[in-house]
Each structure stands twice: as C-alpha cells, then as structure tokens.
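Here is the structure we will look at.
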Amino acid sequence: MARQIERKVGWATAAAYVASSGLLGVLAAVQDNARVLEPLPDSISPLALALVPGLLTFAAGWKARHTPRPDLGEG
C-alpha cells in the first residue's frame with residue numbers, strides 16, 4: 001500500500017528548498033560586497049543564515065492543512 005506524502009510535509013520541504021536557494025542566490029550576488037552580514041559577529045552569522053530557511057519552513061508547515069486520512073477514522 002503506497003502512502004501519500006502529507007501536504008504539510010510537501011509544503012515545508014518546498015519552502016526549505018526555495019528559502020535555501022533564494023538565500024544562496026542573494027549571497028552569491030553580493031559575494032564581493034559582504035555588507036549584508038557585516039553588522040553581525042562572525043560567530044553569529046552562520047546561525048542567522050540558518051534561521052531564514054528554518055523560519056520559512058516552519059511557517060509553511062504551520063500554514064498548510066493536514067492531508068485527510070479517512071483510514072484513521074473519526075475522533
């Protein structure tokens with residue numbers, strides 16, 4: 001029996017991909033101009049960068065509805 005991937009998982013995965021790709025694109029575009037992260041201490045920069053995809057993934061998973069599971073029954 002093949003199981004469906006729940007919508008929440010699909011949307012969260014897509015958000016993580018888009019956020020990571022977008023963040024890498026922005027960083028590649030400003031690679032010669034590192035002012036984007038300049039205000040942050042070097043030890044905090046990686047953590048701040050990791051927050052962007054994480055927050056967008058959380059938001060997408062939170063917003064997406066659960067996939068109906070009639071096989072689990074009501075209540």
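The values are calculated or read from the model by the stated rules, or taken from the named source; none is laboratory data. No experiment lies behind these values; they were computed from the predicted model shown. Ideal geometry is used to build each Cβ from the backbone, glycine not excepted, and the neighbour counts take in all protein chains shown.
A few comments on the model shown:
- Checking each residue in segment 16-69 for being at pLDDT below 75 and either among the basic types (Lys, Arg) or surrounded by fewer than 10 Cβ atoms within 10 Å (Cβ to Cβ) (or both) picks out 28, 31, 32, 33, 35, 69.
- Neighbours by Cβ (under 7 Å, 6+ apart or cross-chain): first from segment 20-39, assigned to a helix (DSSP H, G or I); second modelled with pLDDT under 80 and surrounded by 10 or more Cβ atoms within 10 Å (Cβ to Cβ): 23/49; 23/52; 36/30
- Positions within segment 48-74 being of a type in the set (Val, Ile, Thr) and within 17 Å of residue 21 (Cα to Cα), in sequence order: 52, 57
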